[in-house]
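Report on the following structure.
The values are calculated or read from the model by the stated rules, or taken from the named source; none is laboratory data. No experiment lies behind these values; they were computed from the predicted model shown. Neighbour counts run over all protein chains shown; Cβ positions are idealised from the backbone, glycine included.
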Number of protein chains: 2
Amino acid sequence: MIFITAKFRIKPEDADRWPEISREFTEATRGEPGCLWFDWSRSLDDPTEYVLVEAFRDGDAGAAHVQSEHFKTAQKTIPPHLVSTPKIVNFAVDQDDWSELGEMAVE
Amino acid sequence: MIFITAKFRIKPEDADRWPEISREFTEATRGEPGCLWFDWSRSLDDPTEYVLVEAFRDGDAGAAHVQSEHFKTAQKTIPPHLVSTPKIVNFAVDQDDWSELGEMAVE
């Protein structure tokens with residue numbers, strides 16, 4: 001899978017509305033056949049920062065995502081709400097789901 | 001760097017206190033010389049789920065983390081607050097910081 005973690009710094013005046021602002025893009029992406037997950041969380045340290053954890057089945061699915069109409073729309077509608085260019089770490093991994101953190105196993 | 005994204009499902013009765021419950025472990029880990037970042041965020045879809053995005057300078061720094069006293073302590077103190085074994089995706093990447101998501105560049 002292509003595993004992606006990104007951080008979005010939202011303008012303070014838009015931070016509380018970010019779930020709503022990003023909803024259309026989120027739902028459209030989750031609807032893509034190659035999207036494994038596309039999940040947002042809100043930073044504990046900085047409430048204007050949202051973390052996006054995404055995964056796509058393979059490179060083709062990742063390419064389909066960035067070539068989709070909803071991605072192109074988001075490229076216009078999302079940046080105006082951001083303080084800075086989002087940060088990202090992404091790579092291909094030889095697994096298609098999460099692993100278990102055995103060191104913190106729950107019996 | 002060793003880049004790690006993990007998801008922790010917290011018992012509902014402990015979910016709001018999770019920042020406090022995890023504080024000691026978080027601060028000790030951030031104090032490790034090889035820790036680049038160790039940041040929590042709270043899921044928008046499921047408020048009992050917290051996402052942890054961590055990075056360690058290299059394999060040795062990652063090993064030092066899991067062999068540390070505070071990690072061993074956390075292995076006892078954290079699981080009792082969890083619903084299930086945490087999920088994780090981790091791997092070594094040939095970079096030591098975040099990249100920029102150019103497709104959503106903020107001018």
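Some notes on this structure:
- Among the residues of region B:64-88, the one identified as over 22 Å from B:K11 (Cα atoms) and at the interface with chain A (Cβ under 7 Å from one of its Cβ atoms) is B:V66.
- Failed condition for B:P19, given (1) farther than 27 Å from A:P47 by Cβ; (2) surrounded by fewer than 18 Cβ atoms within 10 Å (Cβ to Cβ); (3) not aromatic (F, W, Y): (1)
- Condition check for B:E32: farther than 23 Å from A:I2 by Cα, out of contact with any Asp or Glu (no Cβ under 9 Å at 6 or more places or on another chain) and assigned to a loop (DSSP other than H, G, I, E, B): yes
- In region A:92-106, the residues that are within 7 Å of another protein chain (Cβ to nearest Cβ) and closer than 30 Å to B:H70 by Cα form Cβ pairs under 8 Å with partners that are aliphatic (A, V, I, L, M) and assigned to a loop (DSSP other than H, G, I, E, B), at six or more places apart or across chains, as follows: A:V93/A:M1; A:M104/B:I78; A:V106/B:V83.
- Qualifying residue in region B:45-57 (condition: of a type in the set (V, I, T) and in a helix (DSSP H, G or I)): no
- Of all residues making up region B:23-53, the number that are within 11 Å of the chain's Cα centre (by Cα) and farther than 27 Å from B:S99 by Cβ: 1
- Filtered residue count, region A:13-51, keeping only those that are in contact with a helix residue (DSSP H, G or I) (Cβ under 8 Å, 6 or more places away or on another chain) and either modelled with pLDDT under 95 or of a type in the set (V, I, T) (or both): 3
- Within region A:59-69, the set of residues being aliphatic (A, V, I, L, M) and touching a residue at least 40 places away in the same chain (Cβ under 8 Å) comprises A:A61 only.
- For B:A92: the one exception among (1) farther than 22 Å from A:A55 by Cβ; (2) surrounded by fewer than 17 Cβ atoms within 10 Å (Cβ to Cβ): (1)
- Every condition in (1) closer than 30 Å to B:A74 by Cβ; (2) without any contact (Cβ under 8 Å) to a residue 24 or more places away in the chain holds for A:P80 except the one numbered (1).
- Yes/no for B:E54 being within 26 Å of A:P86 (Cβ to Cβ), at pLDDT below 95 and touching a helix residue (DSSP H, G or I) at 6+ places or on another chain (Cβ under 8 Å): no
Residues checked against (1) touching a residue at least 12 places away in the same chain (Cβ under 8 Å); (2) in contact with a strand residue (DSSP E or B) (Cβ under 7 Å, 6 or more places away or on another chain); (3) under 28 Å from B:A74 (Cβ atoms):
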| residue | (1), (2), (3) |
| --- | --- |
| A:A6 | yes, yes, yes |
| A:P47 | yes, no, yes |
| A:R57 | yes, yes, no |
| A:F71 | yes, no, no |
| A:K76 | no, no, no |
| A:P86 | yes, yes, no |
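- Applying the set (1) charged (D, E, K, R); (2) surrounded by fewer than 19 Cβ atoms within 10 Å (Cβ to Cβ); (3) part of a strand (DSSP E or B) to B:K76 leaves exactly one unmet item: (3).
- Scanning region B:24-63 for residues that are among the aromatic types (F, W, Y) and crowded, with 17+ Cβ neighbours inside 10 Å, we see that the one that is nearest to the other protein chains (Cβ to nearest Cβ) is B:W40.
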